[in-house]
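The values are calculated or read from the model by the stated rules, or taken from the named source; none is laboratory data. What you see is a predicted model; the values in this text were computed from it and never measured. Note: ideal-geometry Cβ built from the backbone for every residue, glycine included; neighbour counts use all protein chains shown.
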């Protein structure tokens, strides 16, 4: 028999179960209502709108500055160095006297050569007179033909002696001139390896100093053979401008031009030497300095650039970009890309001006999905406005 107390407990338990069941149903209903709009709302994606513009295709790489002319100063005669006539690190002009070697020995040799020349000329005058007289006498049979022939031969020998003496004088004069060591080119002269009082010789291997012409200068670059071939195809005989960035990040004001590329490829590295010429009026570019050189290989009008993060490479090697149509539907486009320009690809085909290329959430969407496209620049501008507010 059920007691009154048991009946009340059963009724209370049933009431509690009903309340819990009702609360669970209401919670499921609320969750369904909350999730339903989120599932149906289009996913927001960042896009970049393709535009037509003029771009410059560039090749960049490290380069080293070299002087356009370099001359190592060495003596051509030996002797004691008397004077150094330049300041180390200064600019010298072609023909400036740099060193003076003691010329006393060479002056004496010159005087001796001149004396020998005078003797040869005097002797030649006497021999010529005798040869002329014998030539007249042989016609009168006053002297033999042999005597006349000997006189003419002596005259010719005297003429040869004059020529030899004149050559000796000229050599002695050259040696005297060589005691003044002059600059063969204009440029900046470096440190001197000798001082006054040093003994120098014509056979020495050590240069007394070095002159480098630093305006203009050359920048030598190592470029891949493929890049050089591309440059040659696109240049078609036109000048190719080159710009520089120095080691401290300073952009060099003067623009240079590509002079030549080596005619052979390094078999080990596959690289080719290329050389650019730069004016250097202020001497900022120094021989041996490392720089970063950029060669403008091509100027493309009406070019299209697509962000690299919006273009994906497929297993078969093709490249695909996801584009948002006017209806907000994701469309997959096969694209052909060329050179990389900063963080963008130069598009050859597959995209048109006005196309909206998706650059975010590519792993979460696929072709056919409906999305809400947000222009990357517009999203940034909105965030900035909200931050100011």
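Structure summary
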| item | result |
| --- | --- |
| The one condition in (1) touching a residue at least 12 places away in the same chain (Cβ under 8 Å); (2) surrounded by 14 or more Cβ atoms within 10 Å (Cβ to Cβ); (3) not in a strand (DSSP E or B) that residue 89 fails to fulfil | (2) |
| In the range 311-332, residue nearest to residue 230 (Cα to Cα) [restricted to those that are under 39 Å from the mean Cα position of the chain (by Cα) and crowded, with 18+ Cβ neighbours inside 10 Å] | 311 |
| Any hit, the range 59-73, residues being buried (at least 19 other Cβ atoms within 10 Å of the Cβ), modelled with pLDDT of 95 or more and over 40 Å from the mean Cα position of the chain (by Cα) | no |
| Residue 215 within 29 Å of residue 279 (Cβ to Cβ), crowded, with 19+ Cβ neighbours inside 10 Å, touching a residue at least 40 places away in the same chain (Cβ under 8 Å) and not assigned by TED's automatic domain parsing to the domain that holds residue 114 | no |
| Flag if residue 148 is at pLDDT below 90, in a helix (DSSP H, G or I), exposed (fewer than 14 other Cβ atoms within 10 Å of the Cβ) and more than 60 Å from the chain's Cα centre (by Cα) | no |
| Strands (runs of 3 or more DSSP E) contained entirely in the range 159-236, each with at least 1 residues that are over 20 Å from residue 77 (Cβ atoms) | 187-189, 209-224 |
| Within the range 283-389, strands (runs of 3 or more DSSP E) holding 1 or more residues that are on the phi > 0 side of the Ramachandran plot and at pLDDT below 90 | 290-307 |
| Contacts under 6 angstrom Cβ, first residue in the range 244-272 being closer than 12 Å to residue 225 by Cβ, partner at pLDDT 80 or above and not in a loop (DSSP other than H, G, I, E, B), 6 or more apart | 261/272; 261/274; 262/272; 262/273; 265/272; 271/222; 272/223 |
| Subset of the range 43-58 (residues that are exposed (fewer than 14 other Cβ atoms within 10 Å of the Cβ) and over 30 Å from residue 227 (Cβ atoms)) | 43, 44 |
| Residue match in the range 180-194 (condition: without any contact (Cβ under 8 Å) to a residue 12 or more places away in the chain and surrounded by fewer than 17 Cβ atoms within 10 Å (Cβ to Cβ)) | no |
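Yes/no matrix, rows are residues, columns are (1) touching a strand residue (DSSP E or B) at 6+ places or on another chain (Cβ under 6 Å); (2) assigned by TED's automatic domain parsing to the domain that holds residue 193; (3) under 21 Å from residue 65 (Cβ atoms):
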| position | (1), (2), (3) |
| --- | --- |
| 219 | yes, no, yes |
| 243 | yes, no, yes |
| 253 | no, no, yes |
| 258 | yes, no, yes |
| 265 | yes, no, no |
| 315 | no, no, no |
